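A quick write-up on the structure given underneath.
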Amino acid sequence: MGVVDKVIANSVPVIPRPLVRVISGRYIAGEEIPEAVETIKELNRQGCLATVDLMGESTQDEDQAAQKLAGYKQVIDAIQEHGLGSGLSVKLTGLGLWVDEDLCRANLEEIIGYAAERDRFVRIDMESSLQTGSTVELALDMHQRHDNTGTVIQACLRRSLKDVMRLTEAGVTARLCKGIYDEPREVAYKDYDVVRENYILLMEEYLKSGVYVGIATHDEYLVWHALRLIHHFDVPDDRYEFQMLLGVDEELRRILVESGYKVRVYVPFGGEWYEYSTRRLKENPKIAGYVAKDVLGAIAGYAKR
Ligand code: FDA
């Protein structure tokens, strides 16, 4: 973490709540299900699919995990009721991973089964490297009984190539991303270019394997490499999709959609927006830098009028 990033990370606790709300507003669909539904409807209208994330990962006991499970079911019900083009993204710590792995496994299986009955897909988000092992094992296990599930692989992690080989061998789909958590060098590549190169390597393994892959990035260099590999291996359209975060580089999103590519947008919503946003800012102060750039850009654009 650089000096500026450290300053931002240390300032997070004193950033006023309304300011955090403004900063996060663009990246979060709202606090309640109807707001998420409206956001997804609009994305669907623009030709994008979605995956919904009910925010908040701090499940400390069995009751909270049960509440989270109920919340995930309500999200699936809403997607179903409104006929939306969307799946669900879940976090294992939300389903009780810190409380007890067996509890988490049971909750995960319940939500995947619930989604399967409604023909919906459940993606298991990847959290910090402390959870990577359990997440990969649970994804492999669930996939043996339910094919409506997959997980996420982070290109920053040194272990990811081995995980990708196991997942592709078992036919388990992954979303490929760089990884948002500030990990120690023992487990993660710290150099931006090495992370990019590793992303390309992992993406190549997926695209060659024929197992479905979600290419989750806003880095146009990686998007270009994806297009190069898709062309090179003549990958059919039903073997991959692009994925982006709500509110990030909508121009690139539009370009991909208009070029005929399948694009899915990650839509976070929920009452825990403050905890979620401040945690994200602390974990990855680069986000604050991106937002500051956006805000300054908007002010500069306004001043020119
Ligand atoms: P990079 O960080 O280089 O960003 C490229 C450009 O995109 C930046 O210059 C900036 O303009 C813009 N940008 C990127 N992120 C931004 C942001 N948050 N706000 C504003 N602008 C931004 N991570 C993880 O550890 N586990 C997970 O499960 C997921 N899930 C996930 C789903 C989806 C659909 C996406 C797109 C991403 C994730 N991530 C994630 C986050 C991912 O690991 C990574 O941190 C971000 O995608 C940023 O990496 P890029 O590849 O976009 O490159």
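In region 255-271, the qualifying residues are those that are within 16 Å of the ligand (Cβ to nearest atom) and in a helix (DSSP H, G or I), and the one that is most open to solvent (accessible area, probe 1.4 Å) is ILE255.
Output yes when any residue across region 158-169 is touching a Ser or Thr at 6+ places or on another chain (Cβ under 7 Å) and more than 30 Å from GLU109 (Cβ to Cβ), and no when none is. No, there is no match, as no residue in region 158-169 is touching a Ser or Thr at 6+ places or on another chain (Cβ under 7 Å) and more than 30 Å from GLU109 (Cβ to Cβ).
Restricting attention to region 92-115, the residues that are in contact with a Ser or Thr (Cβ under 9 Å, 6 or more places away or on another chain) and assigned to a loop (DSSP other than H, G, I, E, B) add up to 8.
The set of residues in region 85-120 that are basic (Lys, Arg) and open to solvent by 50 Å² or more (accessible area, probe 1.4 Å) comprises ARG105, ARG118. Only residues that are basic (Lys, Arg) and closer than 14 Å to LEU49 by Cα were counted in region 227-257, giving 2.
Answer yes if at least one residue in region 56-66 is over 28 Å from VAL99 (Cβ atoms), open to solvent by 40 Å² or more (accessible area, probe 1.4 Å) and modelled with pLDDT under 95, and no otherwise.
The initial filter retains those residues of region 56-66 that are over 28 Å from VAL99 (Cβ atoms), namely none.
No, every residue in region 56-66 fails to be over 28 Å from VAL99 (Cβ atoms), open to solvent by 40 Å² or more (accessible area, probe 1.4 Å) and modelled with pLDDT under 95.
On the given criteria, is HIS218 within 9 Å of the ligand (Cβ to nearest atom) and open to solvent by 20 Å² or more (accessible area, probe 1.4 Å)? Yes, satisfied.
One residue stands out among those in region 135-176 that are of a type in the set (Lys, Arg) and in contact (Cβ under 8 Å) with a residue 12 or more places away in the chain: the one that is nearest to VAL187 (Cα to Cα), which is ARG158. For region 222-254, give me each residue that is open to solvent by 90 Å² or more (accessible area, probe 1.4 Å) and assigned to a helix (DSSP H, G or I). Hits for region 222-254 are TRP224, HIS231, HIS232, ASP237, ASP238, GLU251, ARG254. Criterion first (touching a residue at least 12 places away in the same chain (Cβ under 8 Å) and within 13 Å of the ligand (Cβ to nearest atom)) does LEU229 satisfy it? Against the criterion (touching a residue at least 12 places away in the same chain (Cβ under 8 Å) and within 13 Å of the ligand (Cβ to nearest atom)), LEU229 does not qualify. ASP182 falls short on exactly one of the conditions (1) under 19 Å from ARG123 (Cβ atoms); (2) in contact (Cβ under 8 Å) with a residue 60 or more places away in the chain; (3) surrounded by fewer than 18 Cβ atoms within 10 Å (Cβ to Cβ), and that condition is (1).
Looking only at region 125-143, count every residue that is open to solvent by 20 Å² or more (accessible area, probe 1.4 Å) and more than 12 Å from the ligand (Cβ to nearest atom) and tell me the total. Lay out the reasoning, then the answer.
If we filter region 125-143 for residues that are open to solvent by 20 Å² or more (accessible area, probe 1.4 Å), which is where we start, we get 128-130, 133-134, 137, 140-141, 143.
Next, only the ones that are more than 12 Å from the ligand (Cβ to nearest atom) stay: 130, 133-134, 137, 140-141, 143.
Selection size over region 125-143: 7.
ILE23 meets the conditions (1) out of contact with any strand residue (DSSP E or B) (no Cβ under 8 Å at 6 or more places or on another chain); (2) closer than 25 Å to LEU130 by Cβ; (3) buried (at least 18 other Cβ atoms within 10 Å of the Cβ) in every case but one. The failed one is (2). With respect to the conditions (1) in contact with a helix residue (DSSP H, G or I) (Cβ under 7 Å, 6 or more places away or on another chain); (2) modelled with pLDDT under 95; (3) crowded, with 19+ Cβ neighbours inside 10 Å, TYR274 lacks only one, and its number is (3).
The values are calculated or read from the model by the stated rules, or taken from the named source; none is laboratory data. Computed from a predicted structure; not experimentally measured. Cβ sites come from the backbone with ideal geometry, for glycine too, and all protein chains shown count toward neighbours. Accessible surface areas use protein heavy atoms only, side chains included; no ligands, DNA or RNA. Shrake-Rupley method; radii C 1.70, N 1.55, O 1.52, S 1.80 Å.
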